[in-house]
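A.B. asks: Have a look at this one before I ask anything.
No lab work stands behind these numbers, since they all come straight from the coordinates. What you see is a predicted model; the values in this text were computed from it and never measured. All Cβ positions, even for glycine, are placed from backbone atoms using ideal geometry, and neighbour counts span all protein chains on display.
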Amino acid sequence: MLPTPAIAALREQFPLITELMALQPLSWFNPRIAPAAEGLNDVGLTAHDVAQASARLARFAPYLAKAFPQTQASGGIIESPVVPLPAMQAALGMPSGQLWLKQDSHLPISGSIKARGGIYEVLKHAEMLALDAGLLKEGDDYSVLASDAVRAFLGQYAIAVGSTGNLGLSIGIMSARLGFRATVHMSADARQWKKDKLRSHGVTVVEYATDYSVAVEAGRKQAEGDPACHFVDDENSHDLFLGYAVAGQRLKQQFEAAGVAVDADHPLFVYLPCGVGGGPGGVAFGLKLAFGDCVHCVFVEPTHSPCMLLGVHTGLHEQISVQEIGIDNVTAADGLAVGRPSGFVGRAMQRLIDGYATVTDEELYRLLATLEQTQGLCLEPSAVAGFAGIPPVLAAPQYQANLTRATHLVWGTGGSMVPQEEMAAYVARGRALLAAGAA
Ligand SMILES: *Cc1c(COP(=O)(O)O)cnc(C)c1O
């Protein structure tokens with residue numbers, strides 16, 4: 001925690017900090033929001049970079065279809081469905097517009113949004129090593145990477161990452177399948193089943209009693225001592241970010257196929273759960289490239305972990321943590337339990353994110369149970385956070401003109417791999433809270 005006078009000075013300069021410290025759900029709309037054409041200049045990456053990432057994933061598709069048979073149906077492309085939620089929309093009392101869900105909860109291989117960025121970064125690293133060693137040539141069918149010879153070659157190299165759980169699952173499963181030695185440094189929030197699953201894939205799991213930032217630092221240190229080890233840096237990686245950004249063009253095609261209009265008269269609002277920021281930031285970058293000013297992105301964080309809101313609002317980015325203003329970073333939303341945001345993402349997206357909202361754990365459980373009851377869909381607590389961004393948008397004066405024709409897309413970031421008993425307990429918790437609220 002910062003010294004009391006320093007906190008008092010911050011609260012004086014930024015009254016919102018007092019509200020954050022009270023742990024009440026709140027929203028903040030970004031006064032610096034700019035037209036996409038201007039805001040995209042802050043990113044330091046371009047549409048060309050995203051197109052290259054997309055092309056790389058296409059090259060790897062034959063390999064993925066072979067290594068992970070569950071991706072055969074999509075030709076080795078890791079993508080999730082987008083589905084309308086009419087019953088959930090009615091339950092939430094949304095009078096107009098259309099509510100949709102992006103089911104990253106059902107992405108193949110690792111069952112969360114991390115299957116985008118995490119897998120992309122591992123594939124890119126493997127491609128570079130295999131090309132350098134002459135085991136792969138331009139124009140090759142990448143399914144050659146599934147051979148024992150390539151696996152043995154990649155076994156000389158290591159990949160490490162620090163994670164609250166889902167990034168570790170993606171990096172660990174993908175790395176181990178390619179033959180890399182993989183180590184995942186897990187924070188205290190990480191669920192036991194995620195550690196068990198990784199170990200069953202032959203991944204080394206190092207457990208920490210502390211939070212995410214400490215696990216990342218420990219992982220970074222250990223990796224620095226090993227020249228054969230590639231550290232996946234969740235706080236700063238451009239490759240992770242680009243892997244997420246590929247989602248923008250893909251969503252555009254999905255909406256076109258589904259007949260969902262997104263244009264100046266039909267705005268698209270996208271609600272993204274935010275932890276360190278790489279996932280939602282990368283996806284939002286791709287969305288801004290694909291839809292320009294017609295898309296409005298809102299990040300949602302737990303009231304106990306509002307790190308990106310704190311960093312962007314104060315302009316201090318990674319120079320401030322929620323713990324420094326006395327917030328504990330303890331939340332049931334394990335994927336969002338991050339106290340210090342990515343400075344790279346906060347700065348890159350500082351004029352492209354419309355707003356930020358916070359949500360309590362109780363509300364996450366209620367949303368989770370309502371989604372299960374109305375649509376029969378099961379998401380993990382982190383993954384339903386987006387729904388909490390809707391009421392502030394519906395109430396915001398600047399959006400009123402076109403709200404009746406708006407599409408609201410909640411990015412459902414994870415959940416399909418949660419063990420059944422654990423999911424049943426989440427739903428029971430939410431139902432109990434709903435019943436208590438109705439009484
Ligand atoms: C990691 C994660 C997020 C947030 O992604 P960040 O890159 O940490 O901001 C959201 N939802 C789930 C389920 C996650 O695992």
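A.B. asks: Running a GNM on the chain with Cα contacts under 10 Å, which residue among Phe153, Phe387, Phe269 ends up with the highest mean-square fluctuation?
C.D. replies: Ranking Phe153, Phe387, Phe269 by mean-square fluctuation puts Phe153 first.
A.B. asks: Find how many whole Å separate the alpha carbon centroid of the range 193-263 from the alpha carbon centroid of the range 368-439.
C.D. replies: 23
A.B. asks: Still on this model: Given the chain, what percent of its DSSP beta bridges are antiparallel, to the nearest 5?
C.D. replies: Details: 8 of 43 bridges.
Roughly 20 percent of the DSSP beta bridges within the chain come out antiparallel.
A.B. asks: May I pose another question? Select from Ile173, Ser143, Tyr157 the residue farthest towards the positive end of the dipole of the range 114-237; place +1 on Cβ of Lys and Arg, -1 on Cβ of Asp and Glu, and compute about the Cα centre.
C.D. replies: Ranked along the dipole, the leading option is Ile173.
A.B. asks: Let me check I've understood the local charge: for Ala188, count other residues with C-beta under 15 angstrom from its C-beta, Lys and Arg +1, Asp and Glu -1. What total comes out?
C.D. replies: On the way: positive: Arg191, Lys194, Lys195; negative: Asp189, Glu207, Asp211, Glu217, Asp328, Asp334.
For residues surrounding Ala188, the net value is -3.
A.B. asks: To continue, here is another question. Net charge around Pro273, counting only other residues with Cβ within less than 11 Å of its Cβ (Lys, Arg = +1; Asp, Glu = -1)?
C.D. replies: Details: positive: none; negative: Asp104, Glu301, Glu380.
Residues near Pro273 contribute -3 overall.
A.B. asks: Using the Cα atoms as the points, what is the convex hull volume per residue of the chain in Å³? Walk me through the numbers before you get to the answer.
C.D. replies: Numbers: hull volume 61.3 nm³, N = 439.
That works out to 140 Å³ per residue.
A.B. asks: Further question: If the only charges are +1 at each Lys and Arg Cβ and -1 at each Asp and Glu Cβ, what is the size of the charge dipole of the range 46-174 around the Cα centre, to the nearest 20 debye?
C.D. replies: On the way: 9 positive and 10 negative charges, 49 e Å.
Computed about the Cα centre, the dipole is about 240 debye.
A.B. asks: Moving on. Magnitude of the Cβ-charge dipole of the chain, K/R +1 and D/E -1, about the Cα centre, nearest 20 debye? Each step should come with its number before you reach the end.
C.D. replies: Details: 30 positive and 42 negative charges, 125 e Å.
That gives a dipole near 600 debye.
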